[in-house]
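Data block below; observations after.
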Amino acid sequence: MVADEVKKAIDTNNERFSEGFLKGDASITASVFAENAVVFPPDAPMVEGRGAIEEFWRAVMASGVKGVELTTIELSGSGDYLHERGTGIIRVRPPGGTPAEQKIKFVVVWKHTADGWKNMWDIWNTSP
């Protein structure tokens, strides 16, 4: 069982991740990732390291993604590692395009570090 304070820390990180999109600030979104984190975007190469991850999110934001809403379905694990399973909605407003929403499903591996809980591995894809 995951302690309430740990659940709160993960929720706070997810809120911070989403805040970056609302503010158009990739550094806020990337701040929840560990220095050596890896993201696994759909149909694209892995992105390794917080700096590269920040650049990835900056490009995603520039493409028109203006909001991400995450919902945790399950958070489990013990010690320094947890895994999170959830769903989300990506809100897109491409320049000159029609606003749209895309449903996703995701899995995140969280690691407890000296800087608190950080996203280590993040994978997602579309969901019906």
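The values are calculated or read from the model by the stated rules, or taken from the named source; none is laboratory data. The structure presented is a predicted model; accordingly, all values stated were derived computationally and were not measured. When we count neighbours, we look across all protein chains shown, and the Cβ atoms used for this are built from the backbone with ideal geometry, even at glycine. Heavy atoms of the whole protein, side chains included, go into the accessibility calculation; ligands, DNA and RNA do not. Shrake-Rupley method; radii C 1.70, N 1.55, O 1.52, S 1.80 Å.
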task: Treat every Asp and Glu Cβ in the chain as -1 and every Lys and Arg Cβ as +1, leave all other atoms uncharged, and give the resulting dipole magnitude about the Cα centre to the nearest 20 debye.
output: 360 debye
query: What net charge is computed for the residues neighbouring LYS118, neighbours being all others with C-beta under 12 Å from the C-beta of LYS118, Lys and Arg scored +1, Asp and Glu -1?
result: -1
Non-local Lys pairs in the chain, i.e. 8 or more apart or on different chains, that have alpha carbons under 17 Å apart: 6
- request: With a probe of 1.4 Å, find how much accessible area the range 5-128 has per residue, and write the answer as a whole number in Å².
  value: 55 Å²
- prompt: From the backbone phi of the range 111-128, what are the Karplus-calculated ³J(HN,Hα) couplings (6.51 cos²θ - 1.76 cosθ + 1.60, θ = phi - 60°) in whole Hz, Gly and Pro given as x?
  reply: 10, 7, 10, 4, 9, x, 6, 10, 6, 9, 9, 9, 10, 8, 7, 5, 9, x
- line: Of ASP122, ASP115, ASP80, ordered by accessible area with the largest first and a 1.4 Å probe, the sequence is ASP115, ASP80, ASP122
field: Furthest towards positive pole of dipole, THR87, ASN125, GLN102, structure part the chain, Cβ charges
entry: GLN102
- request: Give the Rg/Rh ratio for the range 16-128, taking Rg as the radius of gyration of the Cα atoms and Rh as the Kirkwood radius, to two decimals.
  value: 0.96
task: Could you work out which residue, out of ALA62, ALA114, ALA34, moves most in a Gaussian network model of the chain, that is, has the largest mean-square fluctuation with Cα springs under 10 Å?
output: ALA114
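Antiparallel versus total DSSP beta bridges in the chain: what percent is that, nearest 5?
So the antiparallel bridges in the chain amount to around 90 percent.
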With every protein chain in place, the range 41-128: carbon and sulfur % of accessible area (1.4 Å): 56 percent
